[in-house]
1. State all residues of region 41-76 that are in contact with a Ser or Thr (Cβ under 9 Å, 6 or more places away or on another chain), hydrophobic (A, V, I, L, M, F, W, C) and under 15 Å from residue 23 (Cα atoms); if no residue qualifies, say none.
2. So how many residues does region 43-76 have that are under 21 Å from residue 8 (Cα atoms), within 16 Å of the ligand (Cβ to nearest atom) and among the aliphatic types (A, V, I, L, M)?
3. Kindly establish whether residue 19 is out of contact with any Ser or Thr (no Cβ under 6 Å at 6 or more places or on another chain), without any contact (Cβ under 8 Å) to a residue 60 or more places away in the chain, loosely packed, with under 14 Cβ neighbours inside 10 Å and at negative phi.
4. Cβ contacts < 8 Å: first residue surrounded by 18 or more Cβ atoms within 10 Å (Cβ to Cβ), restricted to region 48-76; second residue among the acidic types (Asp, Glu) and not in a helix (DSSP H, G or I), any location; separation 6+ or different chain. Result?
5. Search region 14-37 for residues being aliphatic (A, V, I, L, M) and away from the ligand (no atom under 16 Å from the Cβ), and hand back the single one that is farthest from residue 69 (Cα to Cα).
6. Which of (1) without any contact (Cβ under 8 Å) to a residue 12 or more places away in the chain; (2) more than 15 Å from the ligand (Cβ to nearest atom) is the odd one out, the single condition residue 6 does not satisfy?
7. For the subset of region 1-13 comprising residues that are out of contact with any Asp or Glu (no Cβ under 7 Å at 6 or more places or on another chain) and hydrophobic (A, V, I, L, M, F, W, C), which member is nearest to residue 67 (Cα to Cα)?
Amino acid sequence: MTTSTPAGLIARYKTAGGSAVDVRPHPALVDHILAGCHGCHLANWSATGDAWHDTEAMRSWAQQHADECSAVPLPT
Ligand SMILES: [Zn+2]
């Protein structure tokens, strides 16, 4: 896989399809934790104002999505 590692990456989960779901601080929105799938480009985020809660929520989402996502990363 050639997916680069973005700055501030919190966690990365390998998907069933061989791609990855990244959890990281939102690059544009302060106090948002973003989870994004490189395979199907589905994204989710949390912004409760509690960074720990947001991180845990997105880790959980990312883990679940990684288990379910069979999208194959496309060459760019
Ligand atoms: Zn996906």
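1. 57, 58, 61, 66
2. The qualifying residues number 4.
3. no
4. 54/31; 62/22
5. 30
6. (1)
7. Here the residue is 11.
FYI, it's all coordinate maths here, none of it is from the lab. What you see is a predicted model; the values in this text were computed from it and never measured. With ideal geometry, Cβ positions are generated from the backbone for all residues, glycine too; neighbour counts draw on all protein chains shown.
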